[in-house]
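> Mind having a look at this structure? Questions to follow.
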Amino acid sequence: MSCPPVSYSTPLQNPGLAHAPVQALLDLFADQLSWLTHRYGLVQTAVREKGKERIPQVYQQDGSAYHFDVLPDESMPAMCFFERTGPSTILWDDGALQVAGSWAHPVNLVVWANLPRIDARDEDFSDLLAQDVIRVLVEAGIPVSGVEQRAERVFDRYTLGAKQLLMYPFAGFKIALTLSERYNPCLLPFTPLTGPVECPPHVEPSTV
């Protein structure tokens, strides 16, 4: 399945760990980056064709077993998604005895754009788009580690024909971030909801 006719990932009702700051950033992008029309959260990598094809996918949070592909599409002005680059870690405050601290979530923000659908300039203005995203991130207090604009590196986790997708009139870049949030010592224990216990459609029960 390719990107559905929605401009963002379905938000989680109770996001935790990295999903929480990612969801907050998606809301911020919707408010401050009007040109960034299709905004998706944390992706996973689907492996197809006996490992020869790798595609970023997002789960739609609808209880089914279906994920949709998050791919550049010439019909859209711009899209973004997040990918994890390492484990989430926590740094406890000095003397807090594991009561107060901060989570750190290392991620990449991947942005792709179809430049003529954003602005009528007859030039490659992708640097201005990257600058615009960084402006929003810095103003939000998000540490930015660097910006990757080499075509062979932006989608290096996936088999998307990167050079064809990133040459003018298309463009793309990847921003390395560390998202953080305070540890919440007042979280309630997880409570299962009452409801169906059957497996979702097209998913076999675990034999483990």
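> For the chain, modelled as a Gaussian network with Cα springs under 10 Å, which listed residue fluctuates most, 97, 177, 115?
Taking springs between Cα atoms under 10 Å, the residue moving most is 97.
> Let me ask something additional. Name the residue, out of 181, 139, 123, whose mean-square fluctuation peaks in a Gaussian network model built on the chain with Cα pairs under 10 Å.
139
> By DSSP, what percent of the beta bridges with both residues in the stretch 4-101 are antiparallel, rounded to the nearest 5?
Restricted to the stretch 4-101, the bridges split so that about 70 percent are antiparallel.
> On to the next question. From the backbone phi of the stretch 17-33, what are the Karplus-calculated ³J(HN,Hα) couplings (6.51 cos²θ - 1.76 cosθ + 1.60, θ = phi - 60°) in whole Hz, Gly and Pro given as x?
Coupling constants for the stretch 17-33: 6, 5, 4, 5, x, 5, 5, 5, 5, 4, 5, 5, 4, 4, 7, 10, 10 Hz.
> Would you pull out the residues with amide H under 5 Å of residue 93's amide H, same chain only if 5 or more places away, H placed 1.01 Å from N?
Correct list: 100, 101, 102.
> Right, another one. May I ask for the net charge around residue 36, where only other residues with Cβ less than 15 Å from the Cβ of residue 36 are counted and Lys, Arg are +1 while Asp, Glu are -1?
-1
> Here is a further query. Could you give me the ³J(HN,Hα) list for the stretch 36-43, computed from phi with Karplus coefficients 6.51, -1.76, 1.60 and θ = phi - 60°, whole Hz, x at Gly and Pro?
So the J values, rounded to whole Hz, are 8, 7, 10, 10, 10, x, 6, 9.
> Okay, moving on. Where does the chain land at 222 nm, in deg cm²/dmol rounded to the nearest 500, when only DSSP H runs of n ≥ 4 count, each adding -39500 (n - 2.57), divided by all residues?
Value at 222 nm, helices only: -5500 deg cm²/dmol.
> Once phi is turned into ³J(HN,Hα) by the Karplus curve 6.51 cos²θ - 1.76 cosθ + 1.60 with θ = phi - 60°, what whole-Hz value does each residue of the stretch 61-74 show in order, with x for glycine and proline?
My calculation for the stretch 61-74 gives 6, 10, x, 8, 9, 8, 10, 10, 5, 10, 10, x, 9, 4 Hz in order.
> Where is the GNM fluctuation largest for the chain (alpha-carbon springs, 10 angstrom cutoff): 28, 109, 193?
193
The numbers here are math on the coordinates, done by the rules we state, and not lab data. Since the model is a prediction, treat every value here as computed from it, not as a measurement. Virtual Cβ from ideal backbone geometry, glycine too; neighbours counted across all protein chains shown.
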